[in-house]
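The values are calculated or read from the model by the stated rules, or taken from the named source; none is laboratory data. Values in this document were obtained by computation on a predicted structure and should not be read as measured data. Cβ atoms come from the backbone with ideal geometry, glycine included; neighbour counts cover every protein chain shown.
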Amino acid sequence: MSKREALKALLDYIDDHCCWGRRPAKKLEVKSVTSSTAFKYQIASYTETRRIHGGWIDDDGEVSRMWDIAVPKPFYPEDEASNPVEYEVDSTYDTKLNHTEEVWTCHRCRGSGRVRCTRCRGSGRINRTDSEGRQYRANCPRCYGSGRVTCGTCDGSGRLVWYKVVVTTFKTIFDDYIFMTKMDDDVIHAATGDKIMFSAGRRVGAITHFEPEEVAQNSKRLVGRHRGLNNGRCNLWRMTHKLQSVPVFEVKYELDDDDGIFWIADYPAQCCCICNVPGCFNNCHKCNNCVLL
Ligand SMILES: [Zn+2]
Ligand SMILES: [Zn+2]
């Protein structure tokens, strides 16, 4: 990126998104432009956890039986390359556990199958007004004057079947690591970047032999943490991870005899919150969410 291009990037940014006027930028003199690279590492693991509702887990192997129950696994996309680490399938299922049924007396109607009518508060009668404004008492149209209606909890049977339920939760766990010393992580997050590496599988291996070394170290740390998700309480179905590079330009400038630095990432910008121009208000009209970096 040349000095002229850096200034153009700044002016483009101001024109498109920012509340900052062009005049200060036009007076700004670009002294130097240095390029560097930020790295964005993302990992996602697709997990399944199960628990028994009602505290049925004991020492008799019931935990493993819990995992024998067939639960439909939600679809997840196989073409991760197009949509790398996003599984939009977080979901929870309740599955009845067989042979755990118990018949209980309905707690609401205490076994009678009928409860007090809420319309007439059990009296069977309500107030009505005739065409000349006179009030009179009439039979409640809901309970037909009996004051009691069928219990909705047990449908009038007076009994309830209680059983244990296996609660299965599918969830994608995300982590990431940004390698960039000077610019705000959020900016790198928002940047599109170029794909360096992507892999997916039941298990993935950490990145090795990569410069800067911190990227490989943090890949190892996060892969280790995600592999640890596979334990007696959680099943790890699938892992994906990817590494992207984001070009970052450091621009040194002079404005009104003051020196300063701003950074431009991922130019032309994919997001409006992509540069750290001094004086840019933290409320750009596009997303209302820009922060002065
Ligand atoms: Zn009932
Ligand atoms: Zn009634």
Is there any pair linking a residue in segment 100-112 that is on the phi < 0 side of the Ramachandran plot to one that is within 16 Å of ligand 2 (Cβ to nearest atom) and in a loop (DSSP other than H, G, I, E, B), with Cβ under 7 Å and at least six apart or on different chains, and which? CYS106/CYS151; ARG108/CYS151; CYS109/CYS151
Check whether at least one residue in segment 46-68 is exposed (fewer than 12 other Cβ atoms within 10 Å of the Cβ) and modelled with pLDDT of 80 or more, and report yes or no. no
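Please state which one of ARG110, ARG134 is within 16 Å of ligand 1 (Cβ to nearest atom), of a type in the set (D, E, K, R) and exposed (fewer than 14 other Cβ atoms within 10 Å of the Cβ).
Values: ARG134 fails: within 16 Å of ligand 1 (Cβ to nearest atom).
Checking each option against the conditions leaves just ARG110.
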Within the set of pairs 6 or more residues apart or between chains, which connect a residue that is closer than 10 Å to SER45 by Cβ inside segment 217-234 to a residue that is at pLDDT below 95 and surrounded by fewer than 13 Cβ atoms within 10 Å (Cβ to Cβ) with Cβ atoms less than 8 Å apart? ARG227/ARG203
Within segment 184-198, count every residue that is buried (at least 16 other Cβ atoms within 10 Å of the Cβ) and in a loop (DSSP other than H, G, I, E, B). 3
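With VAL115, VAL85, VAL71, VAL89 as the choices, which residue is within 16 Å of ligand 1 (Cβ to nearest atom) and either modelled with pLDDT under 90 or part of a strand (DSSP E or B) (or both)? Give the derivation first.
On the way: VAL85 fails: within 16 Å of ligand 1 (Cβ to nearest atom); VAL71 fails: within 16 Å of ligand 1 (Cβ to nearest atom); VAL89 fails: within 16 Å of ligand 1 (Cβ to nearest atom).
Result: VAL115 is the single residue among VAL115, VAL85, VAL71, VAL89 that is within 16 Å of ligand 1 (Cβ to nearest atom) and either modelled with pLDDT under 90 or part of a strand (DSSP E or B) (or both).
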Got a sec? Which of GLY201, GLY152, GLY147, GLY193 is at pLDDT below 90 and within 16 Å of ligand 2 (Cβ to nearest atom)? GLY152
